[in-house]
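Chemist: Would you mind keeping the following structure in view while I ask a few things?
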Amino acid sequence: MADLLVLGIETTCDETAAAVVARAPSGAGHVISNVVRSQVEEHSPYGGVVPEIAARAHVEVLDIVIAEAMRQAGIGFSDLSGIAAAAGPGLIGGVIVGLTTAKALALAADRPLIAVNHLEAHALTARLTDGVAFPYLLLLVSGGHTQLLAVEDVGRYRRIGTTIDDAVGEAFDKVAKMLSLPYPGGPEVESQALRGDPERFAFPRPLFGRREPDFSLSGLKTAVRVEADRLAPLTDTDVADLCASFQASVVDVICDRVRAGARQFRDIAGCGPTALVVAGGVGANIAIRLALQKTAAEIGTRIAVPPPALCTDNGAMIAWAGAERLARGLTDTLTISPRARWPLDPSATGAKA
Amino acid sequence: MYILALDTALTACSVAVLNLETDSVVAGDSVFMERGHAEALVPMVEQVLRDARLHFSDFDRIAVTVGPGSFTGLRVGISAARGFALVAGKPAVGVTTLAALATPFLAFDDSLPVLAAIDARHGHVFMQMFGTGGRTLIAPRIASTKEAARAAAMGGVRLVGSGAGLVADAWPPGEQAPVSCETLAAPDIAWIARLGAAADPATAEPKPLYLRPPDAKPQDRARIARV
């Protein structure tokens with residue numbers, strides 16, 4: 001059996017991305033090309049992603065990004081085994097652009113369409129980069145999502161915990177915004193934190209020690225605001241110390257919640273996870289990666305974190321998830337709908353905490 | 001010589017294949033649709049190609065409406081057209097909904113001007129005025145129905161489009177009334193194909209014509225003062 005060659009298209013938020021990925025019958029994969037065109041400049045004046053601006057930017061450049069991914073891969077559309085696109089969840093205007101383009105490519109090239117759940121793509125990336133076996137514990141942390149999941153197989157996800165309010169990446173962005181740091185805020189807070197004193201402010205550790213592995217970030221964000229208001233006008237040192245203390249609190253909370261998640265994982269899976277996988281844009285944060293390395297050792301497993309370029313939104317993860325589904329004969333029809341909301345575990349209800 | 005035409009910019013989902021030598025529609029379909037274009041368009045193309053017994057390699061180009069119209073709708077058509085074009089290695093060309101609405105009237109008789117007007121909601125229309133030879137008299141713009149009527153109120157105007165009736169209702173008193181008013185919801189797909197065939201791919205790019213900026217304002221709220 002030959003390798004599967006899949007084109008992946010990602011347009012659910014503010015990156016227009018396309019990539020070609022190969023998957024061998026053994027399950028091993030590698031990225032052949034990976035092109036990302038970020039919209040950071042378009043959204044920067046607004047301090048956040050504006051859905052209509054995102055959709056407008058995607059339709060202007062997506063075919064160019066795809067052509068570049070195909071050129072770098074050195075293949076034609078007839079060489080592909082399938083065409084995958086993120087069909088949600090995400091900003092619907094962008095999802096429509098990516099999925100419709102994929103449908104057109106699939107029809108014109110006479111290749112199967114694979115409609116991929118964006119979260120599933122994040123969840124499966126560690127199998128591409130680290131060859132992780134099922135079942136594993138997944139910490140999915142990005143600007144839009146904060147979840148702990150038991151990943152049992154392709155298409156089988158059980159949500160163990162989620163956030164009650166803000167996503168971790170969202171909290172980073174909001175803190176950056178209140179401190180007038182440039183957009184996007186997450187990496188800015190991280191670099192400020194490097195220079196700051198993580199112990200100057202004793203910010204709360206919401207839900208720390210609770211049995212249910214859920215998250216809450218809103219109170220922490222408010223505590224930062226209260227402290228910043230008290231200090232205003234802020235010096236550069238204040239800003240760095242606020243960022244460092246905020247990040248230290250987030251790190252403590254994440255590690256504690258992952259420990260709680262690992263206990264839950266054992267209860268439902270009957271065994272320990274083969275790995276602790278960290279996915280999503282927040283996985284690019286070095287402090288969080290390092291702290292989770294220790295946590296993984298504590299819970300008796302290894303950590304697998306895709307490289308930063310595959311943690312943030314990209315086409316390779318969509319192509320890979322498409323290849324994993326295609327290898328199991330899972331394809332979709334040209335009538336499939338784009339979806340703004342699409343939970344990985346449809347049986348999961350709200351946070352229990 | 002064949003051309004594939006797509007339109008999802010307004011309240012229809014339409015696909016047609018035009019044979020340029022015979023100026024005949026080989027196969028086509030058009031369904032009234034307010035939403036659901038993202039699901040309907042590509043399967044409709046598949047069926048029309050099957051009916052026409054043609055493949056993408058048979059087309060000289062792909063024509064698509066670029067708006068003005070529903071932002072989401074026009075992005076569905078443009079995304080599909082650009083995707084088809086990428087695989088087929090043929091150009092995709094953009095046709096405005098306003099030109100596609102007005103052209104059949106101008107082709108029949110271009111001695112009287114035509115105002116194409118599309119309902120843009122909240123008392124506004126997307127509009128363009130055409131004169132002799134299809135020449136643009138008023139460039140595409142968004143205007144209140146009152147402004148549109150005032151600008152268009154010249155002798156013997158014909159109105160066409162989903163906003164035609166709205167403009168007619170706002171006609172200034174004392175001005176010569178429009179000679180005709182056709183409240184068409186969407187353009188004829190065969191005319192989109194013809195306009196696409198006549199267009200210059202270098203200038204008629206398959207890019208959206210929104211005529212309305214995105215609804216977004218720069219935010220500076222919630223920032224704490226810094227030294």
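The values are calculated or read from the model by the stated rules, or taken from the named source; none is laboratory data. Note that this is a predicted model, so its numbers are computed, not measured. Methodologically, a virtual Cβ is constructed for each residue, glycine included, from the backbone with ideal geometry; neighbour enumeration extends over all protein chains shown.
Chemist: Would you check which residues across the range A:202-223 are out of contact with any strand residue (DSSP E or B) (no Cβ under 8 Å at 6 or more places or on another chain) and either small (Gly, Ala, Ser) or under 19 Å from A:ILE288 (Cα atoms) (or both) and list them?
Modeler: A:ALA202, A:PHE203, A:PRO204, A:ARG205, A:PHE208, A:GLY209, A:SER218, A:GLY219, A:LEU220, A:LYS221, A:ALA223
Chemist: Which members of the range B:172-208 meet the condition of being outside any loop (DSSP other than H, G, I, E, B) and over 19 Å from the mean Cα position of the chain (by Cα)?
Modeler: Selection gives B:SER180 alone.
Chemist: Is it true that B:GLU46 is over 21 Å from B:THR96 (Cβ atoms), within 11 Å of another protein chain (Cβ to nearest Cβ) and either touching a residue at least 60 places away in the same chain (Cβ under 8 Å) or charged (D, E, K, R) (or both)?
Modeler: Against the criterion (over 21 Å from B:THR96 (Cβ atoms), within 11 Å of another protein chain (Cβ to nearest Cβ) and either touching a residue at least 60 places away in the same chain (Cβ under 8 Å) or charged (D, E, K, R) (or both)), B:GLU46 qualifies.
Chemist: When you check B:ALA202 against the structure, is it at pLDDT 95 or above and away from chain A (no Cβ under 14 Å), yes or no?
Modeler: For B:ALA202, the condition - at pLDDT 95 or above and away from chain A (no Cβ under 14 Å) - is not met.
Chemist: Continuing with the same structure: Given the criterion in a loop (DSSP other than H, G, I, E, B) and under 20 Å from A:TYR157 (Cα atoms), identify the matching residue among A:ASP345, A:ASP267.
Modeler: Checking each option against the conditions leaves just A:ASP345.
Chemist: Please indicate, with yes or no, whether at least one residue in the range B:165-180 is of a type in the set (S, T, N, Q), more than 14 Å from every other protein chain (Cβ to nearest Cβ) and within 19 Å of B:LEU106 (Cα to Cα).
Modeler: Yes; the residues of the range B:165-180 include at least one that is of a type in the set (S, T, N, Q), more than 14 Å from every other protein chain (Cβ to nearest Cβ) and within 19 Å of B:LEU106 (Cα to Cα).
Chemist: Right, here's the next one. Anything in the range A:222-274 that is aliphatic (A, V, I, L, M) and either at positive phi or within 13 Å of chain B (Cβ to nearest Cβ) (or both)? List them, or say none.
Modeler: A:VAL224, A:VAL226, A:ALA228, A:LEU231, A:ALA232, A:LEU234, A:VAL239, A:ALA240, A:LEU242
Chemist: So, one more: State all residues of the range B:29-58 that are among the hydrophobic types (A, V, I, L, M, F, W, C), touching a Phe, Trp or Tyr at 6+ places or on another chain (Cβ under 9 Å) and surrounded by fewer than 24 Cβ atoms within 10 Å (Cβ to Cβ); if no residue qualifies, say none.
Modeler: B:LEU49, B:ALA52, B:LEU54, B:PHE56
Chemist: Could we say that B:MET129 is surrounded by 22 or more Cβ atoms within 10 Å (Cβ to Cβ) and in contact with a Pro (Cβ under 7 Å, 6 or more places away or on another chain) here?
Modeler: In short, yes.
A quick yes/no check of all residues on (1) within 9 Å of chain B (Cβ to nearest Cβ); (2) buried (at least 24 other Cβ atoms within 10 Å of the Cβ):
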residue	(1), (2)
A:ALA86	no, yes
A:GLY90	no, yes
A:THR101	yes, yes
A:VAL132	no, no
A:LEU139	no, yes
A:ALA150	no, no
A:VAL154	no, no
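Chemist: Since A:LYS352 meets every condition but one in (1) more than 19 Å from A:ARG158 (Cβ to Cβ); (2) at pLDDT below 95, which condition does it not meet?
Modeler: (1)
Chemist: Sticking with this one: In the list A:ALA297, A:ALA287, which residue meets the criterion of being part of a helix (DSSP H, G or I) and in contact (Cβ under 8 Å) with a residue 24 or more places away in the chain?
Modeler: That would be A:ALA287, the only listed residue that is part of a helix (DSSP H, G or I) and in contact (Cβ under 8 Å) with a residue 24 or more places away in the chain.
Chemist: Does A:SER337 satisfy being outside any helix (DSSP H, G or I) and at pLDDT below 95?
Modeler: Considered against the rule, which asks whether it is outside any helix (DSSP H, G or I) and at pLDDT below 95, A:SER337 comes out as no.
To keep it simple, each residue is scored yes or no on (1) away from chain B (no Cβ under 14 Å); (2) surrounded by fewer than 18 Cβ atoms within 10 Å (Cβ to Cβ).
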residue	(1), (2)
A:ASN285	yes, no
A:ARG289	yes, yes
A:ALA296	yes, no
A:GLY300	yes, yes
A:ASN314	yes, no
A:TRP320	yes, no
A:ASP332	no, no
A:THR335	no, yes
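Chemist: Mind checking which residues of the range A:165-178 are touching a helix residue (DSSP H, G or I) at 6+ places or on another chain (Cβ under 8 Å) and within 22 Å of A:THR312 (Cβ to Cβ)?
Modeler: Listed by number, the residues that qualify are A:ASP166, A:VAL168, A:GLY169, A:ALA171, A:PHE172, A:ASP173, A:LYS174, A:VAL175, A:ALA176, A:LYS177.
Chemist: If a residue has to be in contact with a Ser or Thr (Cβ under 7 Å, 6 or more places away or on another chain) and in a helix (DSSP H, G or I) to count, how many in the range A:300-334 make the cut?
Modeler: Summing the residues that are in contact with a Ser or Thr (Cβ under 7 Å, 6 or more places away or on another chain) and in a helix (DSSP H, G or I) in the range A:300-334 gives 4.
Chemist: I'd like to know if the range B:96-106 contains one or more residues that are surrounded by fewer than 22 Cβ atoms within 10 Å (Cβ to Cβ), part of a loop (DSSP other than H, G, I, E, B) and of a type in the set (Ser, Thr, Tyr).
Modeler: No, the conditions are met nowhere in the range B:96-106.
Chemist: Further question on the same structure: Condition (residue is touching a Leu at 6+ places or on another chain (Cβ under 9 Å), over 12 Å from A:TRP320 (Cα atoms) and crowded, with 16+ Cβ neighbours inside 10 Å) applied to the range A:38-48: is it met by at least one residue?
Modeler: no
Chemist: Still on this structure, I have one more. Specify which of the listed residues (A:GLU68, A:GLU60, A:GLU42) is touching a residue at least 40 places away in the same chain (Cβ under 8 Å) and in a helix (DSSP H, G or I).
Modeler: Going through A:GLU68, A:GLU60, A:GLU42 in turn, just one is touching a residue at least 40 places away in the same chain (Cβ under 8 Å) and in a helix (DSSP H, G or I): A:GLU68.
Chemist: Could you check B:VAL26 against (1) within 17 Å of the chain's Cα centre (by Cα); (2) more than 10 Å from chain A (Cβ to nearest Cβ) and say which number it fails?
Modeler: With (1) within 17 Å of the chain's Cα centre (by Cα); (2) more than 10 Å from chain A (Cβ to nearest Cβ) applied to B:VAL26, the lone miss is (1).
Chemist: Now, a different point. Name the residue that is farthest from A:LEU140 (Cα to Cα), counting only residues in the range A:193-231 that are more than 27 Å from the chain's Cα centre (by Cα) and exposed (fewer than 14 other Cβ atoms within 10 Å of the Cβ).
Modeler: Ranking the qualifying residues of the range A:193-231, first place goes to A:ARG230.
Chemist: Can you tell me which residue within the range B:130-143, out of those that are outside any helix (DSSP H, G or I) and touching a residue at least 24 places away in the same chain (Cβ under 8 Å), is farthest from B:THR96 (Cα to Cα)?
Modeler: Going through the qualifying residues, I end up with B:LEU137.
Chemist: Consider A:LEU119 carefully, then state whether it is surrounded by 21 or more Cβ atoms within 10 Å (Cβ to Cβ), within 21 Å of A:GLY186 (Cβ to Cβ) and either modelled with pLDDT of 95 or more or not charged (D, E, K, R) (or both).
Modeler: It is true that A:LEU119 is surrounded by 21 or more Cβ atoms within 10 Å (Cβ to Cβ), within 21 Å of A:GLY186 (Cβ to Cβ) and either modelled with pLDDT of 95 or more or not charged (D, E, K, R) (or both).
Chemist: May I ask you to say which residue of A:LEU113, A:LEU80, A:LEU62 is within 11 Å of chain B (Cβ to nearest Cβ) and closer than 30 Å to B:LEU211 by Cβ?
Modeler: A:LEU62
Chemist: Considering only the range B:102-129, state which residues are touching a residue at least 40 places away in the same chain (Cβ under 8 Å), within 13 Å of B:PRO68 (Cβ to Cβ) and not hydrophobic (A, V, I, L, M, F, W, C).
Modeler: Matches in the range B:102-129: B:ASP119 only.
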